[in-house]
1. All but one of (1) surrounded by 12 or more Cβ atoms within 10 Å (Cβ to Cβ); (2) at pLDDT 80 or above; (3) charged (D, E, K, R) hold for Asp146; which doesn't?
2. If you scan the range 16-56, which residues turn out to be of a type in the set (A, V, I, L, M, F, W, C) and surrounded by fewer than 14 Cβ atoms within 10 Å (Cβ to Cβ)?
3. Give the residue, chosen from Pro63, Pro100, that is more than 22 Å from Ser209 (Cβ to Cβ) and either of a type outside the set (Val, Ile, Thr) or out of contact with any Leu (no Cβ under 8 Å at 6 or more places or on another chain) (or both).
4. Taking the stated definitions as given, is Ala224 part of a loop (DSSP other than H, G, I, E, B) and under 26 Å from Pro100 (Cα atoms)?
5. Based on this model, can you work out whether Arg177 counts as surrounded by 13 or more Cβ atoms within 10 Å (Cβ to Cβ), at pLDDT below 85 and basic (Lys, Arg)?
6. Restricting to the range 15-44, what's the tally of residues that are among the polar types (S, T, N, Q) and touching a residue at least 60 places away in the same chain (Cβ under 8 Å)?
7. Among the numbered criteria (1) over 23 Å from Gly144 (Cβ atoms); (2) among the β-branched types (Val, Ile, Thr); (3) at pLDDT 95 or above, which single criterion is violated by Val107?
8. Would you mind stating whether Ala39 is within 30 Å of His188 (Cα to Cα) and either under 17 Å from the mean Cα position of the chain (by Cα) or not acidic (Asp, Glu) (or both)?
Amino acid sequence: MTRREPREHAGQRKAIRSLIQKSGLSSQVQELEALVKPAITLISRKARAKDLAIGQSRLGGCPDLPPKAKWPTGKKGPLLFVLQIRLEDIAELDTEGLLPSAGLLSVFSDPYVDEPRVLCHPAGTTLERREWLPTADAAFEACGFDFTPVLQLPPHSSAFVAMDAPKSAAGSAKRYRKVACVLSPEEHTRYWNDVWLAWRRRCRGKHRSYHQLLGYGDDTLYGAQGLGDEVLVAFDSDERAKMSWGDAQRVWTLISRKDLLARKLDRLRVAGG
């Protein structure tokens with residue numbers, strides 16, 4: 001279900017078009033604009049009293065679970081609670097209607113991010129604060145979230161944008177039949193430096209930690225996100241929450257659009273950032 005776009009999107013679309021045109025890719029404007037995808041950024045901040053109430057969006061702290069629900073576990077024991085999102089908080093920003101419009105989305109993971117788990121508790125589910133298990137690693141510090149709608153472009157050399165071989169190579173474009181946009185080497189370099197990197201820097205601003213719902217993964221996924229895949233949630237190492245994911249830094253969970261719409265969240269897969 002498509003929803004009305006946030007007012008921020010109009011200015012962002014204009015800025016993206018300007019970057020494409022200034023980069024010398026005017027002939028690819030329509031093709032690249034068709035790949036623009038909405039995402040929601042989750043920037044952590046110091047927790048407020050409301051953030052700590054049961055069922056509210058927050059990073060770290062203790063989770064809220066149904067009374068009879070067991071604490072999620074993996075092969076090596078209890079998983080770490082990462083974050084939870086009150087879906088009503090972001091419903092208007094999910095312009096493609098990929099997530100439920102109400103309920104609670106909760107994310108858990110093992111320390112090495114081999115077994116991330118995403119749970120979705122429907123609206124109206126009774127929730128209770130679950131104290132941290134003594135057998136688990138220490139809890140992350142509770143933080144609040146600020147949500148921002150952002151339009152994203154696909155990273156270079158992905159399933160969405162690829163670099164073709166030089167025109168002198170016979171039949172060079174044939175191997176890219178399943179890629180949404182194929183650019184020449186020169187165009188690919190301009191897209192990478194003057195469009196994609198420039199737009200990412202503008203979106204991230206001064207934020208060192210950058211959590212995300214939906215949209216595209218970044219260039220560290222090395223093509224792991226296919227044409228039919230969605231980012232479900234990405235969580236970052238975050239000093240404010242005393243949260244670190246080691247070498248991965250940012251963790252991307254991917255799921256097919258079909259499985260996401262069917263709420264088959266057990267079919268997600270993980271890719272490090």
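1. (1)
2. Val29, Ala34, Ala49, Ala53, Ile54
3. The conditions single out Pro100.
4. Against the criterion (part of a loop (DSSP other than H, G, I, E, B) and under 26 Å from Pro100 (Cα atoms)), Ala224 qualifies.
5. Details: surrounded by 13 or more Cβ atoms within 10 Å (Cβ to Cβ): no; at pLDDT below 85: yes; basic (Lys, Arg): yes.
Criteria not met by Arg177.
6. Within the range 15-44, residues that are among the polar types (S, T, N, Q) and touching a residue at least 60 places away in the same chain (Cβ under 8 Å) number 4.
7. With (1) over 23 Å from Gly144 (Cβ atoms); (2) among the β-branched types (Val, Ile, Thr); (3) at pLDDT 95 or above applied to Val107, the lone miss is (1).
8. Values: within 30 Å of His188 (Cα to Cα): yes; either under 17 Å from the mean Cα position of the chain (by Cα) or not acidic (Asp, Glu) (or both): yes.
Yes, satisfied.
The values are calculated or read from the model by the stated rules, or taken from the named source; none is laboratory data. A quick note: this is a predicted structure, and the numbers were derived from the prediction, not measured. Quick reminder, even Gly has a Cβ in these numbers, built from the backbone with ideal geometry, and neighbours come from all protein chains shown.
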